[in-house]
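Have a look at the structure below before the remarks.
Only the coordinates and a few stated rules stand behind these numbers; no lab work does. Predicted model, so just to flag it, every value in this text is computed and none were measured. Glycine also receives a Cβ, built like all others from the backbone with ideal geometry; neighbour counts cover every protein chain displayed.
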Amino acid sequence: MSFSLRLVIIAALAASAAFAQTATGTLDGRVTDASGAIIADAKVAIVSAQTGLKQEVRTNSTGFFVRPFLAPGLYQVTVEKEGFRRYSESNVRINVQQTVSLEILLPVGDTTSTIEVSANSAQLATSSSTVSTVIGNKAIMDLPLNGRNPFALASLVPGVVPGGGSTPWISGGRNASSEITIDGTSIILPENNVGINTIAYTPPVDSVQEFSIVTNALAAEYGRTGGGTINVSTRSGGNQFHGSGFEFLRNSKLDANNFFSNRNRIPLSAFQRNQFGGTIGGPVVIPKLYNGKNKTFFFLSEQSTIQRNASLFTATVPTTQWLNGDFSTLKNAGGADISIFDPLTAANDG
């Protein structure tokens, strides 16, 4: 087997492994007419409300269609078939690791007339028994987070308890058996101490689109997970340029001391933390060369943390006698004298 062929096979295997766990969702559905008969070969267009990216599929011989690997967000779904009225449904929300199923009815009529439907209610995932909860972008951005760690919001989900390491206990499983993925890639580092997990990277809050916490009935793709998993989907740019800047300050001058410290006249320790950064995203545009609207996007996020706090430590320092060369008071932990020997003569100097 040639070297180049081996590289192709390895790349194909790596790509198939990468698709095993994804931070995307799936949209499927069935298209029928007013009598319930299936409509085959109908064109289904799925358009992202954020990026304008359009993806098309067609119904099969049984009237079904499926489109996997959709980025979380809102979509407009349009179905067309000659001899039937055009169907358009907006505000179809796809969440991370969710399969949304649609039942679409096309009445007989002219394709120039359109049935407009707005999916304002939450779509139910009826094709999977997996129990999961999605923490959306609004909750991530609006809820207070001491330290700005988005994974801390996982404790809002029933059955999730903050762990001693980087991952929580989920549904009774040990925290060492929990999993965290970002855009389908595990961020759990190899660890000799099997009682805890260490994560390689904590994303800035402003870079997270949403994440789901799978607490029960995990799919086969989570084969190494014993408790549950957290799936993070990061943000993407859109057709408009957007940016943000932030500064979060925590200072002991603004904090209150606790009751017991006040009672014992122990002052509040000094502490100051500055977390600052920003984001920018939009279409990739190279003047006179390339316009990436509806096609190519970028998103950058940066956060820096500067933290200063008081710390206490205990150390042993020499006494004045020792500094002057008199070690006659040098004793061991049991209180017995320690003999000092001249390193040149090995004689006992007392």
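Points 7 angstrom from Cα along the Cβ direction at LEU249 and LYS295: gap in nanometres?
Between LEU249 and LYS295, the simple spin-label model gives 4.6 nm.
Once the other residues with Cβ under 10 Å from the Cβ of PHE64 are scored (Lys, Arg +1; Asp, Glu -1), what is the net sum?
0
Only Cα pairs within less than 10 Å get springs; with that Gaussian network setup on the chain, which residue of LYS138, LYS331, LYS43 has the largest fluctuation?
LYS331
With a ≥ b ≥ c the root eigenvalues of the C-alpha gyration tensor of the chain, is it rounded (a/c under 1.5), prolate (a/b larger than b/c) or oblate?
Judged from the Cα gyration tensor, the chain comes out prolate (a/c at least 1.5, a/b above b/c).
If a/c stays under 1.5 just call it rounded; otherwise compare a/b with b/c (prolate if a/b is bigger, oblate if not). Do that for segment 250-350, with a ≥ b ≥ c from the square roots of the Cα gyration tensor eigenvalues.
Oblate, because a/c is 1.5 or more while a/b does not exceed b/c.
Between GLN272 and THR32, what length in nm is gained on full extension when 0.36 nm per residue of separation is reduced by their alpha carbon distance?
80.2 nm
So, in nm, how far is label SER304 from label LEU323 when the simple model puts each one 7 Å beyond its Cα toward the Cβ?
Each label point lies 7 Å from its Cα, and together they span 4.0 nm.
Taking R0 as 51 Å, what's the FRET efficiency between ASN258 and SER90 from their Cβ-Cβ distance, rounded to 0.05?
Once the sixth-power term is evaluated, E becomes 0.50.
Select from LEU254, LEU106, LEU27 the residue whose mean-square fluctuation is largest in a Gaussian network model of the chain (Cα-Cα springs shorter than 10 Å).
LEU254
What nm distance separates the two modelled labels at PHE241 and LYS331, each placed 7 Å from Cα along Cα→Cβ?
Those two pseudo-labels are separated by 7.5 nm.
Rank the residues LEU70, LEU268 as a footprinting-exposure proxy: fewest other Cβ atoms within 10 Å of their Cβ go first.
Neighbour counts put them in this order, fewest first: LEU268, LEU70.
For the chain, set up a Gaussian network in which alpha carbons nearer than 10 Å are linked by springs, and say which option among SER244, SER178, SER166 fluctuates the most.
Comparing SER244, SER178, SER166 in a Gaussian network model of the chain, the most mobile one is SER244.
For segment 181-265, what class follows from the C-alpha gyration tensor (a ≥ b ≥ c being the square roots of its eigenvalues): rounded when a/c is under 1.5, otherwise prolate if a/b is larger than b/c, else oblate?
oblate
Working out 0.36 nm times the residue gap between ALA220 and THR316, then minus their Cα-Cα distance, what length gain in nm do you get to one decimal?
Length gained, ALA220 through THR316: 28.9 nm.
Before anything else, pin down the relative contact order of the chain: Cα pairs under 8 Å, at least 6 apart, normalised by residue count, whole percent.
Answer for the chain is 12 percent.
Place a +1 charge on the Cβ of each Lys and Arg in the chain and a -1 charge on the Cβ of each Asp and Glu, then give the dipole magnitude about the Cα centre in debye, rounded to the nearest 20.
So the magnitude is around 520 debye.
Among the lysines in the chain, how many pairs, 8 or more places apart or on different chains, have alpha carbons under 22 Å apart?
6
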